[in-house]
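A quick write-up on the structure given underneath.
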Amino acid sequence: MTSLPHSNSPSPHRVSVVIVGAGPAGLTVGNILRAAGIDCVVLECETRAFIEQRPRAGVLEEGAVRGLEVRGLAANLLARAERHTTCEFRFEGQQHRFPYGELTGQHHFVYPQPLLVTDLVREYADVRGGDIRFDVGDVALHDLDTDHPAVSYTCPDTGQRRLLHCDFVAGCDGARGVSRAALPSGRVRVARHDYGIGWLALLAQAPPSADSVLFGMHPEGFAGQMPRSKEVTRYYLQCPPGDDPDNWPDERVWDQLHRRLAADGAAPLTEGPLIEKRVLDMHDYVVEPLRHGRLFLAGDAAHLVAPIAAKGMNLALHDAFLLGDALIAHARRHPDAEAQLEAYSDACLRRVWDYQEFSQWLSEVYHGVAAGDPFRAGTTLARLRRLFASPHAAAAFAEQYLGTAERY
Ligand code: RFL
């Protein structure tokens, strides 16, 4: 946090809420506030075209989609997303279909994150008339532990510093933003976990090779397939952390995908041009608490979950629903408003920790066979077999995979 700068804008502007970051979390908070008639500004350091094309997530839990739907934010998603009720584990050369939809009565929606972001920007800016400023520079947060915080930034057109006074700041600027860094050390705890594993994240311009998510547990490393659309499929290959994507020419990628996802009776993979190839180091963090004074963190700014269990965007949306509702209660002077704001952090963190634990459990399932340790390989295969031998184990997995527990 920095001290308040002198603004060279003609008149410092005042709004109720400044939202830093136009990802799923920030745009959802913005839409919720606009629908309630609360004035807010979204500050985004990238251009609109960039954020509407940035490829990332695709798997959404039914609960997150219903949360968007009741807020009028899911029309396109519900019309276009594919529904998934089954995933498939491949290990020891065999296919094992896992019908989690039957076990939970719910399903996943598969809808690429750039489409969701496009929908949310359009609804916020073009339909609900929200103020969003793209391509801003050097966002800085000020006076967060007073009741008159402010946010400054550099205007892309004039190069001048602008200052926005507000009642609250929503820090929704993802894993590399400035909001988390504005938290005073000593007042918050950041818990970290490093899996010591890398994933080569790939996007292939090709239809999915199977109609469900595939998890391949292989002695040479994990491989996964996540359908994104009829034209584009995401694949993952376990690799050393920090590996260079240049070590993975296309022929090596397809060779390893074929080997690691091979199973008796499985259709061959459908190859296509690889349009994204990047190495992700698998690590997590959780900030506690998610509030400092008038700053509330939401989404990846507050907690990063390695994409092992496809949970990050789901958590970001869950935070956004709670934060949006709490800020509305405050703006409407609801008697419970302060309690709702106070409860925000704990309510989010219970689900965050549950999902982190599930990701850690699933990481061992994915990677144990390739750990080079026969003991870990043995226990990993026992875990996998248990999913298909024990209805209780299967039900527990399905509940965690879809996030359907009654309480967190
Ligand atoms: P985002 O999406 O990162 O948005 C943050 C926004 O803030 C902007 N920003 C700033 N703006 C102003 N000033 C600054 N100083 C700023 N710094 C940053 C950024 O440009 C950006 O627009 O965070 P948010 O909203 O919290 O959303 C989180 C999700 O994006 C993330 O959790 C998911 O993508 C994770 N994830 C998945 N989650 C799922 O639930 N299901 C999945 O299937 C899934 N697959 C994935 C994933 C993440 C992946 N990668 C790339 C790590 C697959 C992959 C490969």
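Taking label positions 7 Å along the Cα-Cβ direction at both Glu364 and Gln53, the computed distance is 4.3 nm, reported to one decimal.
Looking at region 262-328, none of the chymotrypsin sites (Phe, Trp or Tyr not before Pro) sits in a DSSP loop with at most 13 other Cβ atoms within 10 Å of its own Cβ. Counting only protein heavy atoms and a 1.4 Å probe, the chain has 42 square angstrom of accessible area per residue. Nonpolar atom fraction for the chain, defined as the carbon and sulfur part of the 1.4 Å probe accessible area, stands at 49 percent. Loop-located chymotrypsin sites (Phe, Trp or Tyr not before Pro) across region 209-250 with a Cβ neighbour count of 11 or fewer within 10 Å are lacking, with loop assigned by DSSP. Helix 250-260 axis versus longest C-alpha principal axis of the chain: approximately 60°, rounded to the nearest ten. A straight line joining the Cα centroids of region 220-244 and region 271-298 runs 17 Å. Taking amide H positions as modeled 1.01 Å from N, with prolines and chain starts lacking one, the residues under 5 Å from Val42 and 5 or more places away or on another chain are Ile19, Asp131, Ile132, Arg133. Against the globular-protein guess of 2.2 N^0.38 Å, express the Cα radius of gyration of the chain as a ratio, rounded to two decimals. Rg over 2.2 N^0.38 Å, computed on Cα atoms: 1.02.
Working note: Karplus 6.51/-1.76/1.60 with θ = phi - 60° gives region 360-365 the couplings 5, 4, 5, 4, 5, 4 Hz, where Gly and Pro are set to x. Here the Karplus curve 6.51 cos²θ - 1.76 cosθ + 1.60, taken at θ = phi - 60°, turns the phi angles of region 63-70 into couplings of x, 5, 5, 5, x, 5, 4, 5 Hz, with x standing for Gly and Pro.
Efficiency by 1/(1 + (r/R0)^6): what FRET value for Glu288 and Ala396, r their Cβ-Cβ distance, R0 = 25 Å, to the nearest 0.05? It comes out at approximately 0.45. All Cα-Cα separations within region 115-193 were binned at 10 Å from zero, giving a P(r) of 14, 38, 35, 12, 0, each value a whole percent of the pairs. Amide H contacts of Gln95 (H built 1.01 Å from N, in plane; Pro and chain starts excluded): Asp264 sit under 5 Å, all sequence-distant by 5 or more or on other chains. Our helix-only sum for the chain, with -39,500 (n - 2.57) per DSSP H run of n ≥ 4 divided by its residues, gives a mean residue ellipticity at 222 nm of -10500 deg cm²/dmol.
The values are calculated or read from the model by the stated rules, or taken from the named source; none is laboratory data. Because the structure is predicted, anything quoted here is derived from the model rather than measured. All Cβ positions, glycine included, derive from the backbone under ideal geometry; neighbour counts span all protein chains shown. Remember, those area values only see protein heavy atoms, side chains included, never the ligands or the DNA or RNA. Shrake-Rupley method; radii C 1.70, N 1.55, O 1.52, S 1.80 Å.
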